[in-house]
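This report refers to the structure that appears directly beneath it.
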Amino acid sequence: MREKNFLREVDEIRLRVKRTRRILSFRKSRFQVSNHTRSRGGDRGMTIIPFKQRDLFTRRWRNVRISAPKEHELQIQIVQVLQLVLRQNVVCFHCPNGELRNKAAAAKLRAMGVKRGVSDLAFFWADPAKRFRALFLEIKRPGGKLTTEQAAFGLMMRTLGADFDVAYSIDEAIEAVGTRGLIESGIEICGKKW
């Protein structure tokens, strides 16, 4: 009887380790999303329920809730990784269009040319044939959707010949940048050597 309990606990620990590895990979398809919690700012937050944890006192298994990263947190992580692995001749920057502002500041910025729907990150580089290339990368948290302005901006960029992509995780952002050859050669990141 004791051996069966021990083996069952070992199997549960293996399952928890496997689930924890899924969380760390930040892949969109592996997140279980529910919209029943509220975040600190009052807007509807998203909760990921990745694995169970044994309660210290009751010894029962319970769900552990870990909040999904907010969009700006995900973008900061992506930029920090990209600063380490991007080629030297790639220009990458963020266009700060999405913050909440008062009406006077919003009117001033609109008069200065701020447009709705502009992507979070812009990449500019020259390909081997010395042609100018551009990638506009929109960062969304897992389960997030493009606004109509963002979709229209992406369509406009594609019709003009630039690349437009949406990333829901660090892995997807690295994939979008790496497939265009913007990562230094020989670097291994996200389980892939570029």
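Derivation of every value follows stated rules applied to the coordinates shown; laboratory data play no part. Computed from a predicted structure; not experimentally measured. Cβ coordinates were reconstructed from backbone atoms using ideal geometry, including for glycine residues, and neighbour counts include every protein chain displayed.
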Original post:
How high is the FRET efficiency between Leu155 and Arg65 when r is their beta carbon distance and R₀ equals 35 Å, given to the nearest 0.05?
Top reply: 0.40
Subject >> Hydrodynamic radius by Kirkwood, which averages 1/r over all alpha carbon pairs of the range 71-193, in angstrom >> reply: 15.5
**OP:** Give Lys52/Lys193; Lys145/Lys193; Lys103/Lys145; Lys140/Lys192; Lys115/Lys192 a once-over and call out the pairs whose C-alpha atoms are over 28 Å from each other.
**Re:** Lys52/Lys193; Lys145/Lys193; Lys115/Lys192
Original post:
Ranked highest first by the average count of other Cβ atoms within 10 Å around their residues, in what order do 144-152, 131-139 fall?
Top reply: 131-139, 144-152
Original post:
Could you state the number of Å between the C-alpha centres of the range 123-142 and the range 161-181?
Top reply: 8
**OP:** For Lys130, list the aspartates and glutamates whose Cα falls under 19 Å from its own Cα; do not include residues on the same chain fewer than 8 positions away.
**Re:** Asp163, Glu184
